[in-house]
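Structure, as structure tokens:
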Amino acid sequence: GRRLAGTRRAMAPRADKMRCHYDVLQVDRGATEVELKKAYRKLALEWHPDKNQSRLDEAEERFKEIRAAYETLSDANERAWYDSHREAILKAGKHAGGGEDARPEDEINLMPYFTAAAFRGFGDDEGSFYGVFGTLFAALDAQEQHASLAAGKESFKMAPSLGDSGAAWEPVRAFYAHWALFATLKTFAWADEYNLAEASNRKVRRLMEEENKKLRRAEAREFNDAVRQLIQFVRKRDKRWVKHQAEQAGRDKAKAAAAERKRAASKSARAEAARTYQEADWAKQDEEPKWLRDEVEAAQAATAAKEAAKEDLYCPVCKKKFKSQKQWENHEQSKQHRAAVVKLTEEMMADEDLVRAAMEEEAAAALEDELQGL
């Protein structure tokens, strides 16, 4: 079989140290952002260690508690999580469905870790931020390894270590990337409500089994959600992550400034080029050279010839235009064109007879008028 990584068992923080964040800030649970900030500032000034040298240990503890409460409640996402899990966090995560005894002893209770009281300082000792959460996530990973073995999986990728306060950025990034996509392999069989062996028949057994599966899935969803929320809680407070984010923001700002300077320099260069532009000698000549005039006249003549050719390729009888001489010639030989020509000729001859008759009548009338005058 596979050898499991040895890890210390994660020890939950003492529950008696936990107080409700709203009680710490002395506000009700419907407090607005403005009310939270006002309460925080007042209490932070009151309990700042520099102002309480006579009771320094108590002041440091209270000041840390006040800051932790405000950090959680001033973040909309963390406040929503805290509000929906407040009772479980304050009660150290007792199992709501199956009672206190339903959860096995080795099941890690995550609720006590959603507070700054879970660690002390950011050094590398056992009770520090990196000591506490490093041990916790190593223990969580060990449980997932056991679950992987129980499920018969042949391989299991161990989670990256949280590392210490001086860890390089890449291992830190890998740690948070792994846990941000966490999905448990544990079965949560302890959440079962019904013993299938007690089923009186197949139908009852099937119903019991379906209900147990629902309970297991609900526990798995809750556990996955808790782990992902906790990793966000930890990441937000990790000095290494905060430092990298600040440095990255600085680099992004420097890149943006450099890009803006480049755009400004390019714009300035274009303006300067436009200001110092010198017209070419050939463009300054008042009169065009003869060869250019000849070229222009030849082009104009060619264009006029093309237009004239287009006019020539028009049949006034059929009232049609043709794109080529060949099309025109074919049209002249067509039956349709010939019939149109015959028809037009006949119409013209008929018109000519009418004109001739009119002229003869007019001449006869004139002669008659002239005879009468004699």
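Just a few scattered comments:
- The range 29-66 versus the range 115-151: alpha-carbon centroid distance in Å: 29
- Mean Cβ count within 10 Å, highest first, over the residues of peptides 182-193, 292-303, 166-177: 182-193, 166-177, 292-303
- Percent carbon-and-sulfur accessible area, the range 157-205, ignoring ligands, DNA and RNA, probe 1.4 Å: 54
- Shape call, the range 110-175: gyration tensor on alpha carbons, a/c limit 1.5: oblate
- Restraint check, Lys214/Lys239; Lys239/Lys267; Lys38/Lys236; Lys51/Lys253; Lys38/Lys91; Lys91/Lys186, Cα-Cα greater than 32 Å: Lys214/Lys239; Lys239/Lys267; Lys51/Lys253
- Within the accessible surface of the range 295-345, defined with a 1.4 Å probe on protein heavy atoms only, the carbon and sulfur portion equals 55 percent.
- In straight-distance terms, cross-link reach from Lys323 covers every one of the lysines whose alpha-carbon lies under 24 Å from its own, apart from those fewer than eight places away in the same chain; here that gives Lys306, Lys310, Lys335.
- Prolate/oblate/rounded label for the range 181-292 (Cα gyration tensor, a/c 1.5): oblate
- Where labels lie 7 Å past Cα in the beta-carbon direction, separation of Ala199 and Glu295 in nm: 9.7
The values are calculated or read from the model by the stated rules, or taken from the named source; none is laboratory data. What you see is a predicted model; the values in this text were computed from it and never measured. Neighbour counts run over all protein chains shown; Cβ positions are idealised from the backbone, glycine included. Side chains are part of the model used for accessible areas, which takes the heavy atoms of the whole protein and leaves out ligands, DNA and RNA. Shrake-Rupley method; radii C 1.70, N 1.55, O 1.52, S 1.80 Å.
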